[in-house]
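> Below is a structure I'd like to ask you about.
Please treat every number below as a calculation from the coordinates, not as lab data. Quantities reported herein were computed from a predicted structural model and do not represent experimental measurements. Quick reminder, even Gly has a Cβ in these numbers, built from the backbone with ideal geometry, and neighbours come from all protein chains shown.
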Amino acid sequence: MVRGLTPERLLERLDARPADPPCITGATDLYEHWMHEWDEDAVVGVFAADGWGVAFEPDAGLCIDSDSLARLSEGSARTSRR
């Protein structure tokens, strides 16, 4: 989850592109696609939620990579909750 990023900007920062046309909706369908139709490309689902860009990656390889995380968080402000 990255505050202030749209799903489109989140994909850009991951150096990814959306499927054309987008063909999968929902985490379950994304997981099934990854399990049964995956090729060599990473599969990442993105959506907006109350000012956040959210990424879901069944394989969790791209979204936990330190370079990817640095690109995702670039320019974001950290807020503390008390």
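> Suppose R0 equals 41 Å. What FRET efficiency, 1/(1 + (r/R0)^6) with r the Cβ-Cβ distance, do GLU32 and ASP67 give to the nearest 0.05?
Working from the Cβ atoms, E equals 0.90.
> For the peptides 45-53, 4-12, what is the packing order when you average, over each peptide's residues, the other Cβ atoms within 10 Å and list the highest mean first?
My ranking of the peptides, most packed first, is 4-12, 45-53.
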